[in-house]
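What follows is one structure encoded as structure tokens, with my remarks underneath.
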Amino acid sequence: MKTEVLLLQDYDPELPEEKDKAVERADRRLSKQERETRFLVKRSEDYQVFDNVFDVPTLMTINHLRSDGVIGGIRGSLAAGKESKVYIATSPSGSLLILKIYLTVSAEFKKRLQYIAGDPRFSDIKKGSRSLIAAWARKEFKNMQVAHKAGVRVPVPIAVRKNVLVMEYVGDKEDNAAQQLVNTEVTPKDYEQVIEQLSLLYKKANLVHADLSEYNIFRVAGGIMFFDFGSAVDIKQPNSKRFLVRDIQNVNRFFEKRDIKVIDASRLIEKITGASK
């Protein structure tokens, strides 16, 4: 083979000792090439994705969270969406947690730039999907921190690292997960609480959810809770009013379908934003 020719051309074939040394060198060179090829194949396999979630970088992130004492392990899948999958995890002490893992193979995040644009907290985002997804995870974590501090009912955010967000587990005394509003019977009191939480989010946290619907409003002990804050924007963001109108329309549409009397959208906007007394 070519490698052997290059190694043997300077040796006299009549000298067995020299020829043996050259063959040994050729074998070593061939073995090295094979090892490098296997390494490259393995590196490619490392970035393949299991269950659309667990590529090697994500597994390393989870391992870091475990090493840092944030989580103890993962129990199983809870929910799945276009951009993320949600798992039940445990803390080192055994209590339940929620692990939200953003999909590194999702193309959906390219559509989400409108929710980050204009936010100075994320002006340093590097090019590439992983950087965008990591920024999105940080954004949701920070939005949840702000909302929780303002008294809005949201899961308590615990930690974020790259594309993995850890938060409080929300469920009943038997550890059954909280139910989406769409899967429950609703009452006028539920509608009132949703509006109260929207108003609190706007006036106290200075945020608009921007992706609110019956699928990320949950029924918990004590009332209504909002989930999924990745899209939430500051009220000073240029599109915040448009997003608020859409949230209100989504809420009203859902409750109207359930035969609950709703407040006119224009009046509701004034009520939430405090534009009128």
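Checking the cross-link pairs LYS139/LYS204; LYS139/LYS173; LYS203/LYS241; LYS85/LYS162; LYS204/LYS271 against a 25 Å limit on the alpha carbon distance flags LYS139/LYS173 as lying beyond it. Report the FRET efficiency, 1/(1 + (r/R0)^6), for ASP264 and SER67, where r is their Cβ-Cβ distance and R0 is 41 Å, rounded to 0.05. For R0 = 41 Å, the calculated efficiency reads 0.15. At a Förster radius of 30 Å, what calculated FRET efficiency corresponds to the Cβ-Cβ distance of GLU256 and VAL56, to the nearest 0.05? Plugging the Cβ-Cβ distance into 1/(1 + (r/R0)^6) gives 0.05.
Most tightly packed first, judged by the mean number of other beta-carbon atoms within 10 Å of their residues, the peptides 249-255, 58-64, 142-148 read 142-148, 249-255, 58-64. Descending by average beta-carbon neighbour count within 10 Å, the peptides 81-89, 219-227 line up as 81-89, 219-227, the highest first. Report note on the peptides 265-271, 162-168: ranked by the mean count of other C-beta atoms within 10 Å, highest first, their order is 162-168, 265-271. Taking only the alpha carbons of the range 56-273, we obtain Rg and Dmax values of 17.3, 51 Å in that order.
Here, each number is a calculation from the coordinates, and none is a lab measurement. Treat the numbers as computed from the prediction; the structure is a model and nothing was measured. Cβ atoms come from the backbone with ideal geometry, glycine included; neighbour counts cover every protein chain shown.
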